[in-house]
Each structure stands twice: as structure tokens, then as C-alpha cells.
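Below you'll find the structure, written out as C-alpha cells, and then a few comments.
The values are calculated or read from the model by the stated rules, or taken from the named source; none is laboratory data. Everything numeric in this text was worked out from a predicted model, so none of it was measured. Here the Cβ positions follow ideal geometry from the backbone for every residue, glycine too, while neighbour counts run over all protein chains shown. We work out accessible area using only protein heavy atoms, side chains counted, and drop any ligands, DNA or RNA first. Shrake-Rupley method; radii C 1.70, N 1.55, O 1.52, S 1.80 Å.
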Amino acid sequence: MPVLRCVLATMILAMSQLACAQGYPNQPIRLIAPFPPGGSVDITARLIADPLGAQLGTRIVIDNRSGASGNIGMEAAARAPADGYTIVLNTIPLVTNQALFDKLTWDPFRDFAPIGMVATSPHVLVVPKHIAAASVAELIKLARERPGRLTYASAGVGTTFHICGEMFKDSTGTFILHVPYRGGGPALLDTLSGQVDLSFPTLSAALPHVKSGALRALAVTDRERSPLLPEVPTLQEAGVKDFQFTQWLALLAPANTPQPVVARLNGALREALKSKEVREKFEAQAFVPFPSTPEEAGKFLAEESARLSRVIKSRHITAD
């Protein structure tokens, strides 16, 4: 009898979830962007909202819940009802904040169900005009000759710029002084003016300054060259073995969201990412679509969490 009751309960739950999915969605969906307007997460959320809503037959409403490196928005998403009417878009802090903050009220794997990956884009190693290095090899030589005298700018402690810079130092055996700023804009401005010697901005931020000649791009951080800078090698091509770092964005729902609802959201997302309009808008932001299944997204996020957490711990990076 206990076994029969368990089987019946499982069947009832499955039937309930299926019924829920068949009527889903029947109201607008809230998409939490846990960072301020104008950043890559907010921009991407707004780029996918209408195409995703069109696929689902409903309206997607953007809810900017910024603050505390994304923690405020992620907390709100984690505590939302698991009914498919609240979803959240996040980037690398999704898997790094656990290692950066001693006390975190949400867990990226316990509290969320991956819907799918959305987009990806590399960072770029750039130097201003005054740095006499025309290649990565020349920059590494310069850094080794002047340990602790070269500086690199980041958007703040624990940001993607910072983690990428520390990975570069680890991979090349160099000591380059970290100079954190309050955001990517000020970091890029001081790189342009020569106040710092190098930086690892996003491709979208760096591109106009590279095209104008104000910054020299030495390498992109992905495994493959960017079609937007086809003449610029990857760091691996430039001799930095196994180096790979990209910004990515993932869409998630609160944990325990019914599987059929997650599947419906994933299917709608993948169809939206196929559209020519979305691809063109992504390209304007230096992003490329990164479609996946929920299972593939979960595996990718777990691997990124393990890889980036090792860097954070080995370099003793903390946001507290």
C-alpha cells in the first residue's frame, strides 16, 4: 500500500504539472534583471522580452531589481512563486557570488531551475597608445621586466574584468597591479586616457575605441576569434595556453517550477533566438545567441561555477 500511494501521488503531481503547462501562460510574465538599466543584463532582457513574449503569446515585463552585485534581484527571484510567472536573467555573478560573499541568501543551484542559455560574448585585452606592446607576447615580456609596475583596470572587485585579469596573471606568471573602479565606464575612460596600462573590457564596450585607434586590441578571450574583430587573435593563439573567458547570460526560473513549464519556456526561448531580428540586435551588442536545453545549461553553469570559484579562492578575491 505505501508503494501504491507513492505511485499515485507521483501520477497526480505529474498530471497537475501537465494541466498547469497546458494553460500556461495566461497572464504576463515578470522578467527580473538584477542589474541597473543600461548594462548588458538589462539590454539583453529588453532584446529578448518581445520575441520571447510573442512565442509564448503573452507580455514579458522587465523588473530591474539592482543592488549588491545582483544579490537583491536574485533573492527576489528565488523567493517568487515557482509557477513560471517570474523568471530571471543573469550573467557570471550567478555562479561567482557564492565564492565572493560570505553570507548569501540564495543558491544558484538549489534555488533555481535553468531554462536555457541566451547569449555569449568575449572580453578583449586592450592597451592604450602609450604602451609599447603590439602583441600579447610583448605585453607579457614587459610585465615580467617590470613586475608590479604595470596596472590593469576593472569595473570593481569580483567583476568579470577583475576575474579575467587575475586569470591572465595566473596563466602568464605575471604580477600586474589591479586598479578597481566603480563600474566599467570609469575603468574604460582611464584606460583610454592612459591612467592605467591595460584592461579587459567587454567586446561591445571596447569595439568603437579599437576601431577608432584609441585602444589597441591584443587578443580576445574566447576560444575562437570574433567576427567583429577578425584580425585580432585569441589569447590561446597568442600563446596563453588553455585561456578561455566569456561573458554569458542564462535564463532561470525559481526551483520547483513545473518541468513542463520550464520546457515551454525553453522552447519559446530557442525559437526566439533563431529569429533574424534577434540575431541582428545581438550582433549590434557584440553578442551571439547561445541556445541550449535546460540540462545543457545546468551542466554549463556547474562547470563555470567550479572553474571560476577556483580562481576567486586561489587569488583571495572577496566582495565583503
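Counting only residues that are within 30 Å of Asp83 (Cα to Cα), open to solvent by less than 80 Å² (accessible area, probe 1.4 Å) and either of a type in the set (Lys, Arg) or in contact with a strand residue (DSSP E or B) (Cβ under 9 Å, 6 or more places away or on another chain) (or both), how many does segment 288-320 have?
Going through segment 288-320, the residues within 30 Å of Asp83 (Cα to Cα) turn out to be 288-306.
Next, from what is left, pick out any that are open to solvent by less than 80 Å² (accessible area, probe 1.4 Å): 288-294, 297-298, 300-302, 304-306.
Next, only the ones that are either of a type in the set (Lys, Arg) or in contact with a strand residue (DSSP E or B) (Cβ under 9 Å, 6 or more places away or on another chain) (or both) stay: 288-294, 297-298, 300-301, 304.
Qualifying residue count for the region: 12.
Looking only at segment 1-25, how many residues end up being surrounded by 10 or more Cβ atoms within 10 Å (Cβ to Cβ) and at pLDDT 55 or above?
Number of matching residues: 3.
Could you list, in sequence order, all residues of segment 130-154 that are open to solvent by less than 20 Å² (accessible area, probe 1.4 Å) and of a type outside the set (Val, Ile, Thr)?
Selection gives Ala133, Leu139, Ala143, Leu150, Tyr152, Ala153, Ser154.
With (1) within 30 Å of Ser171 (Cβ to Cβ); (2) at pLDDT 95 or above as the list, and Ser204 as the residue in question, which single condition is left unmet?
For Ser204, the exception is condition (2).
Name the single residue, out of those in segment 98-118 being over 16 Å from Arg315 (Cβ atoms) and touching a Leu at 6+ places or on another chain (Cβ under 6 Å), that is most open to solvent (accessible area, probe 1.4 Å).
Ranking the candidates gives Pro114 first.
Just checking, which of Phe282, Phe290 is closer than 20 Å to Ile32 by Cβ and under 21 Å from the mean Cα position of the chain (by Cα)?
Values: Phe282 fails: closer than 20 Å to Ile32 by Cβ.
Going through Phe282, Phe290 in turn, just one is closer than 20 Å to Ile32 by Cβ and under 21 Å from the mean Cα position of the chain (by Cα): Phe290.
I need the strands (runs of 3 or more DSSP E) fully contained in segment 121-182, keeping only those with at least 1 residues that are without any contact (Cβ under 8 Å) to a residue 60 or more places away in the chain.
Working: elements: 124-128, 151-154, 177-180.
Correct list: 151-154, 177-180.
So is Ala187 open to solvent by less than 10 Å² (accessible area, probe 1.4 Å), without any contact (Cβ under 8 Å) to a residue 40 or more places away in the chain and either touching a helix residue (DSSP H, G or I) at 6+ places or on another chain (Cβ under 9 Å) or aromatic (Phe, Trp, Tyr) (or both) or not? Steps first, answer last, please.
Details: open to solvent by less than 10 Å² (accessible area, probe 1.4 Å): yes; without any contact (Cβ under 8 Å) to a residue 40 or more places away in the chain: yes; either touching a helix residue (DSSP H, G or I) at 6+ places or on another chain (Cβ under 9 Å) or aromatic (Phe, Trp, Tyr) (or both): yes.
The answer is yes for Ala187.
Please list, ordered by first then second residue, the pairs with beta carbon atoms under 9 Å, 6 or more apart or interchain, first in segment 26-47 and surrounded by fewer than 22 Cβ atoms within 10 Å (Cβ to Cβ), second of a type in the set (Lys, Arg) and in a helix (DSSP H, G or I).
Pro37/Arg46; Leu47/Lys281
If I go through segment 196-231 residue by residue, how many of them are of a type in the set (S, T, N, Q), within 22 Å of Met167 (Cβ to Cβ) and surrounded by fewer than 21 Cβ atoms within 10 Å (Cβ to Cβ)? Working first, answer last.
Step one: filter segment 196-231 for residues of a type in the set (S, T, N, Q), giving 199, 202, 204, 212, 221, 226.
Right, trim to within 22 Å of Met167 (Cβ to Cβ) and you get 199, 202, 204, 221, 226.
Still in the running and surrounded by fewer than 21 Cβ atoms within 10 Å (Cβ to Cβ): 204, 226.
Selection size over segment 196-231: 2.
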